[in-house]
Amino acid sequence: MIESKRLYIRQMNHSDFKEISKMLQDSEVMYAWEHAFSDEEVTEWIDRNIQRYNNDGYGYFIVIDKYIDNVVGQIGLIKQDIGLGIGYIVKREYWNQGYATEGATICYAIRNLNVDTLVADIRPENIASINVAKKLGMKKISECDKIYRGQVMKHDVYQLKVTGLTTKIVEIVDYNPNWKYEFEKLKSTLEKTLGNSILKIEHVGSTSVEGLSAKPRLDVDIIIGDYSYLNDVVSKLKKLGYKHLGNLEVEGREAFSYETTSFMEHNLYVCPKDGKGYLEHIKFREYLRLNPDKVKEYSDLKKKLAKLYRYDVNSYCDNKTDFIRGIID
């Protein structure tokens with residue numbers, strides 16, 4: 001049903017009884033339920049999820065590691081009173097291997113959710129599940145009591161805003177000559193709208209360097225004389241559907257987002273001409289354009305990191321830092 005580099009997830013059926021029992025009848029795995037399931041309860045679990053598929057299009061899915069051809073757990077999307085919930089149950093022998101985070105991430109690929117947020121209700125003592133929620137970008141927003149088998153159980157509620165969310169999968173592809181033409185199309189539209197408010201528009205980042213492997217997403221710097229022009233640029237970009245995000249804790253660079261675009265996917269920044277962000281972008285780009293050996297080295301590094309951190313974009317970026325800083329320095 002949904003596939004990633006390591007995992008395949010599909011709907012469960014009654015032929016999965018044995019594998020599902022290995023999870024639901026393990027008291028350690030079922031810590032949050034405070035009991036292991038009986039055979040009858042496992043059958044009811046399967047029936048309930050088949051009914052969810054028919055009614056909602058989703059439920060708990062079976063998660064299979066393609067490389068070892070084993071069922072490693074379940075990942076679920078479930079309607080709840082507090083919103084559309086996401087849950088994860090992993091066999092004990094596969095704990096701490098990233099299956100819950102990766103499986104939950106690729107669930108975002110289901111496009112008929114029609115929701116603004118996803119939630120997870122987690123027992124406050126369940127540190128492992130809380131850590132998964134945080135890796136997914138969820139934040140605690142409230143607490144609630146759930147009654148299960150006549151017992152009141154306290155839960156923390158974590159939430160993830162998913163409006164316009166795309167799966168944060170690190171994808172590195174070979175250089176595409178078409179990227180420079182995509183940039184020119186976007187640049188032309190921006191220049192017509194922004195006019196004399198700006199000095200120029202630069203294609204930066206990996207897609208701006210011929211021969212460099214990259215994520216298929218442009219990086220674009222709009223250059224202004226100084227911050228006195230920023231408000232005017234923000235106002236004009238708003239008419240094109242861009243939202244100002246601030247500097248996102250990066251000095252000398254104002255970031256913008258969009259919900260939809262007719263152009264190639266891109267990151268858009270507004271930078272003063274003497275700002276650190278812009279100057280470092282240009283230094284890095286020009287150095288690589290003049291040093292093809294470094295282009296190959298950087299391409300190889302990015303491909304290696306993309307395999308290691310396919311579902312962890314923060315770690316992917318962090319592990320490029322030494323290379324980037326070395327060149328800038």
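Quick note: the coordinates plus some simple rules give every number you see, no bench work behind them. The structure presented is a predicted model; accordingly, all values stated were derived computationally and were not measured. Because the Cβ atoms are built from the backbone with ideal geometry, glycine has one as well, and the counts that use them run over all protein chains shown.
Key figures
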{"item": "Whole-number D in µm²/s for region 2-161 (Stokes-Einstein; Kirkwood sum over Cα pairs; 37 °C, 0.692 mPa s)", "result": "205"}
{"item": "Where only C-alpha atoms are counted, convex hull volume of region 208-255 per residue in Å³", "result": "117"}
{"item": "DSSP-loop chymotrypsin sites (Phe, Trp or Tyr not before Pro) across region 230-284, with at most 16 other Cβ within 10 angstrom", "result": "Phe263"}
{"item": "Gyration tensor (Cα) of region 178-328, equivalent ellipsoid semi-axes in angstrom", "result": "27, 16, 15"}
{"item": "Electrostatic dipole magnitude of the chain [Cβ: Lys, Arg +1; Asp, Glu -1; Cα centre; debye, to 20]", "result": "800"}
{"item": "The chain: Cα Rg divided by the 2.2 N^0.38 Å rule of thumb", "result": "1.19"}
{"item": "Cα centroid separation, region 173-221 to region 3-28 (Å)", "result": "44"}
{"item": "R0 of 22 Å, Cβ-Cβ distance Glu143-Tyr258: FRET efficiency to nearest 0.05", "result": "0.05"}
{"item": "Low-density loop cleavage sites - chymotrypsin sites (Phe, Trp or Tyr not before Pro) in region 1-103, where at most 10 other Cβ are within 10 Å (DSSP)", "result": "Tyr67"}
{"item": "Of Asn126, Val29, Tyr60, farthest towards positive along the dipole that unit charges on Lys, Arg, Asp, Glu beta carbons give the chain", "result": "Tyr60"}
{"item": "Whole-number percent relative contact order across region 1-160, with pairs defined as alpha carbons under 8 Å at least 6 apart", "result": "18"}
{"item": "Crossing angle, helix 178-194 versus the chain [Cα axis fit, 0-90 degrees, rounded to tens]", "result": "70"}
{"item": "Exceeding the 28 Å Cα-Cα cut-off - candidates Lys161/Lys200; Lys236/Lys294; Lys140/Lys273; Lys22/Lys79", "result": "Lys161/Lys200; Lys236/Lys294; Lys140/Lys273"}
{"item": "For q = 0.11 Å⁻¹, Debye-computed log10 I/I(0) when each Cα of region 1-95 counts as one equal scatterer", "result": "-0.30"}
{"item": "Cα Rg over Rh - region 234-277, Kirkwood", "result": "0.99"}
{"item": "Residue-averaged [θ]222 nm for the chain, counting only DSSP H segments that reach four residues, each worth -39500 (n - 2.57)", "result": "-11000 deg cm²/dmol"}
{"item": "DSSP-assigned coil residues among GluC sites (Glu not before Pro) in region 238-329, each with at most 15 further Cβ atoms within 10 Å", "result": "Glu249, Glu251, Glu259, Glu265"}
{"item": "Among Asp221, Asp318, Asp56: highest mean-square fluctuation, GNM of the chain, C-alpha pairs under 10 Å", "result": "Asp318"}
{"item": "DSSP bridge pairs, the chain: antiparallel proportion in percent, nearest 5", "result": "85"}
{"item": "Options Ile78, Tyr227, Gln151, ranked by Cα towards positive dipole end of the chain, top entry (Cβ charges)", "result": "Tyr227"}
